[in-house]
Each structure stands twice: as structure tokens, then as C-alpha cells.
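Here the structure is laid out as C-alpha cells; the discussion comes afterwards.
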Amino acid sequence: MSLIADGFRAFRYSPHCETPANQTNTQHQTLDTNKISVTIGGSHHINDNGEIKAVGTVWYGQNDTRNLAFNIPGNLASPAAGELAAILEATRTAPKHITLKLSIKSLDIIKLLTKHAPRLERLGWIQMPDAKLSQAVLAELRERSAATILWAWGGDAQKCNTDGTEDLIKLRSTQPKTYNFPTEVRKEFDAAGLLMMEGSQHLFYRGIHELKQEHKQR
């Protein structure tokens, strides 16, 4: 049950949207035969200048023209950014009424988007790395009317798919092109901001600091 207190948040960057998010779909019947399976990959390394370079890959299958690999922009690059960006791209481009099955390399990212997401949203993602990408991914998942299944690489992921993903990573790591993907979140799916009832002196201090840093970067 939602409480009135759940609506009070600090450090929100946009006005609250009164339009409720519709997470149901009565016009489409999602059939298992229409399921889209995608293998998600990512890697990172630190260059000679101490900068993190991250790569993300989206793999649909052998010789599939939708296969994609991309470098992550420097302001978003981190050890987990490649996989998060790949998940964002896969969910953003897939039809929202068709079941989407994502085989993900990192079990930590699966936990981030499932088990840990409610708590991190209550805390406004303060002091959390990859906050912008994580929020964008969760918003895309909420927009989907069909199920999204997250699997860890291993028993369910075919070896040819994981090998293909690794080959894409190696190819993209040698190329300088950076893929600029949208990370904006529609207001009705935006759960940004520190829940006031969860706030502490330390969190408010860190939230103010992060807000100032963001204004400096603009």
C-alpha cells in the first residue's frame, strides 16, 4: 500500500508528472513464439591516462544485422556501464508488447535491476555509480507491457551467443567510435529523488554535493 509520505522526495530535477504510468496492455497478447532473445555483454579497461574505457554489446544471433557493439561516452564509462548500456539499447528498441529475454553476463547487474532497485530508488541513487544508466534502464523496463526475463550467462545462454558477444567486444575495443544513446526518462516513469522519510544528514549532504556537481557539468 502506498503512503502519502512516499510522494515526498528531495533532489528531483523535474516537476512531478500527474499522468499515471500504464503498465498493462489489453490490445496485444504476448505469445512465447514471439519472444525476443538477446545476449548482453560488456567489458572495460583503464588506459594509460587512468581513464575507464567501457564497451557494450547487444547480440541477437549469428549474422543478425541487429547485432551491435559500442563504446560508452566518457562521462558514463564505468566497469558496469557497458552491460547497462546494452540492456538499455535492447529494451529501448524491442517492441514493448513482446516478451524480451536478456542473457546478462553479470549477476550483480541482474540483482541491481531486481532485488536492489526498490531500495536504491528510495535513496534517490545518491552515491551510487551508474545511477543515470540504471534509472534509464528501469524506466524502459516499466514502460514494457510484456514480460522481461533476466538470465545470467551460463546454463541457459548458448555458447555460440556468448562467444559472439565476446568477439563483438574485441572488435569494438579496437575502434574509437562512441555510440550516443538516450538516457532521458519520461516523467511518468521517473522515480528519481531521495524519499524524504529515508533521508539522513549524510544523504542530504551528498545529494546537495551531487546536484552542485551536475550543475557545473552543464
task: Could you list, in sequence order, all residues of segment 102-118 that are buried (at least 17 other Cβ atoms within 10 Å of the Cβ), of a type outside the set (Gly, Ala, Ser) and in contact with a strand residue (DSSP E or B) (Cβ under 6 Å, 6 or more places away or on another chain)?
output: Leu102, Ile104, Lys105, Ile110
task: Go through (1) surrounded by fewer than 18 Cβ atoms within 10 Å (Cβ to Cβ); (2) within 20 Å of Ile72 (Cβ to Cβ); (3) not basic (Lys, Arg) one by one and return the number of the condition Ala139 breaks.
output: (1)
field: strands (runs of 3 or more DSSP E) fully within segment 30-144 counting 3 or more residues that are without any contact (Cβ under 8 Å) to a residue 40 or more places away in the chain
entry: 52-59
- request: For segment 146-166, indicate whether the set of residues that are of a type in the set (Ser, Thr, Tyr), in a helix (DSSP H, G or I), within 18 Å of Ile36 (Cβ to Cβ) and at pLDDT below 90 is non-empty.
  value: yes
query: Among the numbered criteria (1) of a type in the set (A, V, I, L, M); (2) more than 13 Å from the chain's Cα centre (by Cα); (3) buried (at least 18 other Cβ atoms within 10 Å of the Cβ), which single criterion is violated by Ile149?
result: (3)
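The values are calculated or read from the model by the stated rules, or taken from the named source; none is laboratory data. The shown structure was predicted, so the numbers you read here are calculated from the model rather than taken from an experiment. We place every Cβ from the backbone using ideal geometry, glycine too, and count neighbours over all the protein chains shown.
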